[in-house]
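Presented below is the structure to which this report refers.
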Amino acid sequence: METINVMNRIDKLFQQKKENILSVFFTAGFPTLHDTVEIAKQLQSAGVDMIEIGIPFSDPIADGPVIQQSSKQAIDNGMTVTLLLEQVKEIRKTVSVPIILMGYLNPVMQYGMDRFFSDAVAAGVDGLILPDMPFEEFESHYKQEMDRLDLRNIFLISPTTSDDRIERIDQASRGFIYAVSSSSTTGSKNEFDENQIRYFKRLKDKQLKNPFLIGFGISNKETFSAACQNGAGAIVGSAFIKVLSASKSIPNDILTFIKTLNSGIK
Amino acid sequence: MIYTIDERGYYGNFGGAYIPEMLYPNIEELRSRYLDIMGEGDFQNQFNQLLRNYVGRPTPLFYAHRLSERYQAKIYLKREDLCHTGAHKINNTIGQILLAKRLGKQKIIAETGAGQHGVATATVCALMGMDCIVYMGQLDMERQRPNVERMRILGTTVVPATSGNMTLKDATNEAMRHWINNPTDTHYIIGSVVGPHPYPDMVARFQSVISEEIRNQLSEQEGNPYPDYVIACVGGGSNAAGAFYHFVNDEHVQLIGVEAAGLGIDSGESAATTVLGKPGVLHGSKTLLMQTEDGQVVEPYSISAGLDYPGIGPWHAHLFETGRVKFLNATDDEAMQAGIELSRTEGIIPAIETAHAVAVLKKMEFDPDDVVVINVSGRGDKDLETYIRWGKY
């Protein structure tokens, strides 16, 4: 087991890089079933710091239309949890950036929670985002096993999350915190307003023990650079799925998209 | 055995609040306040007065002579079909809109399948002068045109859900997304005993007036508040929850839930969740769920749009698992025949949902002294098209 005694890749990333972190989300099995591996490779080549792969679910309530549509297509393509774990193994042959799997609880529960945790780690996964897993449920049932496996569970917070709860989530978190930019589903907005900037400042001033990445509504170089000024970096999802949907040449389009995003910083 | 909800919001292995963090403040606000608000004297007065003077409660408990003779038992019909808007759904929407007002909310959203809950929500929003948006699957909007127009007449905006298979499940997803995007000024009126805690408990409490009345009415009419059987159809399970509520700890009262078997349990076109489902998480709670091996939710089927849901409420999942409620099912054809039967024996054209409950009379054996209460959850006006299309009458 090479994962034992090796530092979790998420921890390593945040130790080495404190700002301008770019994490990109895409749905497994989209646009076609076996694109997952190629997209991950291209993202690393393009200089992305972290990769989030979505486990498609039939009823993704926290996602806007773009990711919903990609999930539906991925399921229609035949995507399954088992296949995704095989694809991650394949990705790990060449990709060294941290990999996070993001998905709703039900498909993971059907696979078996503990079985999923250990198979994910064996495949080379560093962290999970399960948006509909309650914080309390994690603490009482899953924290111990995930810690044992050195698998990170990443929590979301939003502008309506209370100070108390942010502190509790910070205490229970390892790796980073996913700060949802607005009260919204994914992909809803194009720029930040005053309230959002105030919320980012509030988070910054808290001096949390974990760094935070800003996600939801990061769609272009302006929003990416604004996110980088307020947090350790950002997560891009829907905007990237849109690129994939329209793409005739995935490698070229990924390179161009990532270059454009990064052109606003430094 | 304990059948009630625990302090964590679970009924045994089922329930909970599996929601994205963005909804946490809303759900937490509801959870921490619903019992206090519902317990206020002022709230209860207003709720009870509206139930009496606006909804038309208490609804009659009618002794069905001819049906009783046919099945050799004392069969009573609880006439929820006589509620304003034509079904039990309004008991809950009245309760929730009064609660929403006390939480300071200005806008209401809801999901609807057949349109009954949508109409009941649109109705109370008109009554209270609140803005209302109802999400409805695009396919259901085409199937249930009259209810779409009723909601529009009442001043509600009906938004088609175009994701997924465009039915109730997708309308619920869209309503939840709307709530995520508008968390502060909006209350989401869920129409069944589903969703994250405290919804299943809150909706069951608002519907519990049904069994409260049955007890009083049986005391008067039979000299004994306890029936031998209570029979109700189960989609999400709100009318059944209301009809079972005050009998659940009286183990000698047999509770029967009836699910829609659609074209038959093994046909691939069914909505009988207790037969076909496994534990899973959908719409914020852990419950029995029709799903694939890989955890994708399966699209159910029933001729009745109100029973066309891939899960059941977590309380029902618990009552099923513990054996407290016996679950039976009826196919499309059995339900349609029972709808005609009730029409011809008692002069009551039931909603097709309700007809499923009537259909199991044929599958049960009674003693002549048995007191059987069937919850007539809704009337058949909305289903006239379906009766006509079925045609065998």
So, in the range A:168-200, of the ones that are more than 12 Å from chain B (Cβ to nearest Cβ) and open to solvent by 90 Å² or more (accessible area, probe 1.4 Å), which residue ends up nearest to the chain's Cα centre (by Cα)? A:174
Number of the condition not met by residue B:286 [criteria: (1) out of contact with any Ser or Thr (no Cβ under 9 Å at 6 or more places or on another chain); (2) of a type outside the set (Phe, Trp, Tyr); (3) under 20 Å from residue B:364 (Cα atoms); (4) open to solvent by 10 Å² or more (accessible area, probe 1.4 Å)]: (3)
Does residue B:275 qualify as being β-branched (Val, Ile, Thr), open to solvent by less than 10 Å² (accessible area, probe 1.4 Å) and more than 8 Å from every other protein chain (Cβ to nearest Cβ)? no
Step by step: first the residues of the range A:44-66, then only those that are part of a helix (DSSP H, G or I) and modelled with pLDDT of 95 or more, then the one that is nearest to the other protein chains (Cβ to nearest Cβ). Which residue is that? A:44
Single residue of the range A:62-85 satisfying the filter (in contact with a Pro (Cβ under 7 Å, 6 or more places away or on another chain) and open to solvent by less than 40 Å² (accessible area, probe 1.4 Å)) that is nearest to residue B:280 (Cα to Cα): A:81
Counting only residues that are closer than 14 Å to residue A:28 by Cα and either within 12 Å of another protein chain (Cβ to nearest Cβ) or touching a strand residue (DSSP E or B) at 6+ places or on another chain (Cβ under 6 Å) (or both), the range A:89-124 contains a total of 7
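Are any residues in the range A:125-149 outside any helix (DSSP H, G or I), more than 11 Å from chain B (Cβ to nearest Cβ) and more than 17 Å from the chain's Cα centre (by Cα), and if so, which ones?
Going residue by residue through the range A:125-149, those that are outside any helix (DSSP H, G or I) are A:125-134, A:149.
With the extra rule that they be more than 11 Å from chain B (Cβ to nearest Cβ), the set shrinks to A:125-128, A:149.
Selection gives A:149 alone.
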Restricting the range A:88-101 to residues that are surrounded by fewer than 21 Cβ atoms within 10 Å (Cβ to Cβ) and not small (Gly, Ala, Ser), the residue that is nearest to residue A:8 (Cα to Cα): A:97
If I ask for residues that are crowded, with 18+ Cβ neighbours inside 10 Å and more than 12 Å from the chain's Cα centre (by Cα), which ones from the range A:25-39 would you list? A:28, A:29, A:30, A:31, A:35, A:36, A:37, A:39
What's the total number of residues in the range A:204-221 that are of a type outside the set (D, E, K, R), in contact with a helix residue (DSSP H, G or I) (Cβ under 8 Å, 6 or more places away or on another chain) and more than 22 Å from residue A:24 (Cα to Cα)? 1
Condition met for residue A:205 (open to solvent by 10 Å² or more (accessible area, probe 1.4 Å), within 14 Å of another protein chain (Cβ to nearest Cβ) and farther than 25 Å from residue A:54 by Cβ): no
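If only one of B:269, B:259, B:220 is assigned to a loop (DSSP other than H, G, I, E, B), over 21 Å from residue B:35 (Cα atoms) and either at pLDDT below 95 or away from chain A (no Cβ under 14 Å) (or both), which one is it?
B:269
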Exactly one of B:139, B:99 is modelled with pLDDT under 95, over 14 Å from residue B:191 (Cα atoms), assigned to a helix (DSSP H, G or I) and not polar (S, T, N, Q), and that one is B:139
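Any residue that is under 20 Å from the mean Cα position of the chain (by Cα), loosely packed, with under 14 Cβ neighbours inside 10 Å, of a type outside the set (Asp, Glu) and more than 14 Å from chain A (Cβ to nearest Cβ) - is there at least one of those in the range B:1-15?
yes
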Within the range A:93-141, track down each residue that is in contact (Cβ under 8 Å) with a residue 60 or more places away in the chain and of a type outside the set (Gly, Ala, Ser). A:97, A:98, A:99, A:100, A:102, A:121, A:126, A:129, A:131, A:132
Do you know which residues across the range B:310-365 are touching a Ser or Thr at 6+ places or on another chain (Cβ under 6 Å) and either more than 15 Å from residue B:387 (Cα to Cα) or open to solvent by less than 10 Å² (accessible area, probe 1.4 Å) (or both)? B:311, B:312, B:314, B:317, B:320, B:327, B:352, B:354
If you check every pair at least six apart or on different chains, which have Cβ atoms under 7 Å apart with a residue in the range A:19-42 that is in a strand (DSSP E or B) first and a residue that is open to solvent by less than 20 Å² (accessible area, probe 1.4 Å) and of a type in the set (S, T, N, Q) second? A:27/A:70; A:27/A:71
Might you let me know whether the range B:295-310 holds any residue that is within 30 Å of residue B:1 (Cα to Cα), at pLDDT 95 or above and either hydrophobic (A, V, I, L, M, F, W, C) or under 19 Å from the mean Cα position of the chain (by Cα) (or both)? yes
In the list B:119, B:158, which residue meets the criterion of being in contact with a strand residue (DSSP E or B) (Cβ under 6 Å, 6 or more places away or on another chain) and aliphatic (A, V, I, L, M)? B:158
Please state which of the following conditions residue B:245 fails to meet, knowing it meets all the rest: (1) closer than 23 Å to residue B:10 by Cα; (2) part of a helix (DSSP H, G or I); (3) touching a His at 6+ places or on another chain (Cβ under 7 Å). (3)
Could you list, in sequence order, all residues of the range B:148-176 that are hydrophobic (A, V, I, L, M, F, W, C) and either in a strand (DSSP E or B) or open to solvent by 10 Å² or more (accessible area, probe 1.4 Å) (or both)? B:153, B:154, B:158, B:159, B:161, B:166, B:168
Within the range A:208-223, of all residues that are assigned to a loop (DSSP other than H, G, I, E, B), open to solvent by less than 20 Å² (accessible area, probe 1.4 Å) and under 15 Å from residue A:161 (Cβ atoms), the one farthest from the other protein chains (Cβ to nearest Cβ) is A:210
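So which residues in the range A:224-261 are in a helix (DSSP H, G or I), under 26 Å from residue A:198 (Cβ atoms), touching a helix residue (DSSP H, G or I) at 6+ places or on another chain (Cβ under 9 Å) and open to solvent by less than 50 Å² (accessible area, probe 1.4 Å)?
A:224, A:225, A:226, A:227, A:230, A:238, A:239, A:261, listed by residue number.
The values are calculated or read from the model by the stated rules, or taken from the named source; none is laboratory data. Everything numeric in this text was worked out from a predicted model, so none of it was measured. Positions of Cβ are generated from backbone atoms using ideal geometry, with glycine treated the same way; all protein chains shown enter the neighbour counts. Note: accessible area is taken over every heavy atom of the protein model, side chains too, but ligands, DNA and RNA are not part of it. Shrake-Rupley method; radii C 1.70, N 1.55, O 1.52, S 1.80 Å.
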